[in-house]
Amino acid sequence: MISDELEAAIVRWFAIEKWSIGRICGHTGLHHSVIERVLSQSVGNKKSRRRRPSKLDDYTPFLVETLKKYPSLCASTLQGMARERGLRCSGSHFRALVAQLRPKRRLEAYLRLRTLPGEQAQVDWAHFGELTIGRAVRKLYAFVMVLAFSRRIFLRFGLDIGMTGFLDGHNQAFETFGGVPRVLLYDNLKSVVIQRIGDAIQFNEMIVEFAQHYRYEPRPVAVRRGNEKGRVERAIRYIRYNFFAGREFKDLADINAQADLWCVHQSEERQWPQDHTLKVRDAFELEKPTLLPLPDDSFPAAQRIEVRVQKTPYFRFDLNDYSVPHQHVQRTLTVLATATELRVLDGSSEIARHLRCFDKGQTIENPLHIQPLVDEKRHARQHRAQDRVIRAVPQAEKLLVLLTKRGDSLGSCVGQLGKLLDSYGQEDLTAAVAEAVRLKSPHPNNIRLLLEKIRYARGLPPASDTPTVTDAKLRDIHVQTHDLAGYDRVNAAPNTDKKKESNND
């Protein structure tokens, strides 16, 4: 942008002083295209630079005719076609010519639509980068629903863009609004539309059941017509720059808590577009009584999938392994997955339930599923203890290799390492094992000395070696205490007899 004073000076130099465009460029340091734009906008001074002949002039009719037939052809394809006809020129020059010759798109005018209170809401997904959870990098999405009349926004971030997250977002939005709009506008995403040919639409069966439960009409917009749900599109842009930009958060729960506060306070404080004397909060209070009432129960938003349990009592779901009772190995089970938990069914009976993990490569197990199998396979106890130590301290695997080369008993050493893990904790044991591996001194006694050095450096007393009872049967045994006076009487009786014998003597 240049100032109005400079534009007036450019017009005066050209029209009155008869300066050339090149001289004006040299004097002002501006590009000739800027000077030409200023002169073309001035009344009575529409003059452009004289165009020099170009080798592309002979190919201009061919390009114009081709673009009329195929207006979507890119410049590189057209250049290849022109090269086959003998053209030799740079790509930048050719692209500039094609940009001038390409038919201009006709500008389309849009009507401003108005909706009645409680009549319509608009729904869409938005992508907000990535979220790191442990070793997994997950895509972060936002479910957005906007009431078309009041412009009230519901925002919920999640990691699942499938049907489970889609329906769960609806459930939470309806509960937040305290009612259901009569019509919901969607894109043609697979969660809503399975197939579409013109106005013939095959809906997803799940969304049909969901809409029937809440008594609203699902209405997909026309293909490539995002303007038909422009209010949610503008709301997403508003969320990107007013809420998400520059925001820091710890995890998914943290950003959702911040989003709830933002929707209730800052988002509702903006002006209502239809009446600037009112705020969005005031418009929502007018719209809320017109929403359809909520049903007595919410629609179950669980994803139903079949999983196969192999020889080990675990099944794989979303990059993680989950345990089941060992009696159900070598079987196909049903998993009902929500955004927070997994329910495992064998037929109609629930056999397991786990909190859902969005990390990667984790093993989520219930001890009640594994312990009976350990009891049956007593020879596996050593391996279970070894797995526990290696899982807590990955460096312990190298330590066990060194112990094997020395010829030490692995069973005894693993047992001692497990006791050290219980006494000193994972963090200290990890540091001590790493130091022992570096020194190539892997015996548990040396590791104990290293652990004591760590505690001494911190000013802590030596760790307690009091054994802990881990067997539930032994913990529950009740030992009745007895009176020890009887032992005193037994010990005193022989002394009395000796006194009698001495008196007789």
task: Write out, first by first residue and then by second, each pair whose Cβ atoms fall under 9 Å of each other, whose residues are 6+ apart or on separate chains, and whose first residue, in the stretch 297-318, is in the same structural domain as PHE210 (by TED's automatic domain parsing) and assigned to a strand (DSSP E or B) while the second is surrounded by 12 or more Cβ atoms within 10 Å (Cβ to Cβ) and of a type in the set (Lys, Arg).
output: none
message: What's the total number of residues in the stretch 417-449 that are under 41 Å from the mean Cα position of the chain (by Cα), in a helix (DSSP H, G or I), within 15 Å of ALA463 (Cα to Cα) and not aromatic (Phe, Trp, Tyr)?
response: 13
task: Select from the stretch 239-255 the residues that are part of a helix (DSSP H, G or I) and surrounded by fewer than 17 Cβ atoms within 10 Å (Cβ to Cβ) and list them in ascending order.
output: ARG240, TYR241, ASN242, ALA253, ASP254
- request: Find the residue count for the stretch 157-191, including only residues that are in contact (Cβ under 8 Å) with a residue 60 or more places away in the chain and not in a helix (DSSP H, G or I).
  value: 16
- line: Picking from SER349, SER323, the residue that is modelled with pLDDT of 90 or more and within 27 Å of GLY411 (Cα to Cα) would be SER323
message: LEU39 - would you say it is at pLDDT 85 or above, crowded, with 16+ Cβ neighbours inside 10 Å and more than 48 Å from the chain's Cα centre (by Cα)?
response: yes
- line: Among the residues of the stretch 256-272, the number that are in a loop (DSSP other than H, G, I, E, B) and surrounded by 14 or more Cβ atoms within 10 Å (Cβ to Cβ) is 1
message: When the residues of the stretch 78-96 are narrowed to those that are among the small types (Gly, Ala, Ser) and outside any helix (DSSP H, G or I), which ends up farthest from the chain's Cα centre (by Cα)?
response: GLY86
task: Could you please find all residues in the stretch 274-314 being within 24 Å of PHE166 (Cβ to Cβ) and among the aromatic types (Phe, Trp, Tyr)?
output: PHE284, PHE299
- line: Taking the stretch 42-69 and keeping residues at pLDDT 85 or above and out of contact with any helix residue (DSSP H, G or I) (no Cβ under 9 Å at 6 or more places or on another chain) leaves PRO61, GLU65, LYS68, LYS69
query: Do we have LEU73 as modelled with pLDDT under 80, in a loop (DSSP other than H, G, I, E, B) and not assigned by TED's automatic domain parsing to the domain that holds VAL183 here?
result: no
query: What pairs can you find where one residue is in the stretch 452-463 and more than 14 Å from ALA431 (Cα to Cα) and outside the structural domain of GLU435 (by TED's automatic domain parsing), the other is surrounded by 12 or more Cβ atoms within 10 Å (Cβ to Cβ) and modelled with pLDDT under 85, and their Cβ atoms are less than 9 Å apart, with a gap of 6+ or different chains?
result: none
query: Residues of the stretch 127-164 being within 27 Å of ARG215 (Cβ to Cβ) and aliphatic (A, V, I, L, M), which ones?
result: ALA142, VAL144, MET145, VAL146, LEU147, ALA148, ILE153, LEU155, ILE161, MET163
- prompt: Could you give every pair whose Cβ atoms fall below 7 Å, whose first residue belongs to the stretch 192-211 and is in the same structural domain as ALA173 (by TED's automatic domain parsing) and under 19 Å from TRP125 (Cα atoms), and whose second residue is modelled with pLDDT of 90 or more and among the small types (Gly, Ala, Ser), counting only separations of at least 6 or pairs across chains?
  reply: ASN204/SER191; ILE207/SER191
statement: Of the residues in the stretch 273-286 that are touching a residue at least 24 places away in the same chain (Cβ under 8 Å) and in contact with a strand residue (DSSP E or B) (Cβ under 6 Å, 6 or more places away or on another chain), the one that is surrounded by the most Cβ atoms within 10 Å (Cβ to Cβ) is ALA283
query: List, please: which pairs have Cβ atoms under 8 Å, are six or more places apart or on different chains, and start with a residue in the stretch 429-440 that is assigned by TED's automatic domain parsing to the domain that holds LEU451 and crowded, with 17+ Cβ neighbours inside 10 Å and end with one that is in a helix (DSSP H, G or I) and among the basic types (Lys, Arg)?
result: VAL437/LYS398
message: Within the stretch 89-138, take every residue that is touching a strand residue (DSSP E or B) at 6+ places or on another chain (Cβ under 6 Å) and charged (D, E, K, R) and give me the one that is nearest to TYR238 (Cα to Cα).
response: ASP124
message: Looking for something within 30 Å of PHE284 (Cα to Cα), of a type in the set (Phe, Trp, Tyr) and in a strand (DSSP E or B) - is there at least one such residue anywhere in the stretch 98-121?
response: no
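The values are calculated or read from the model by the stated rules, or taken from the named source; none is laboratory data. Nothing here was measured: the structure is a model prediction, and the numbers come from that model. We place every Cβ from the backbone using ideal geometry, glycine too, and count neighbours over all the protein chains shown.
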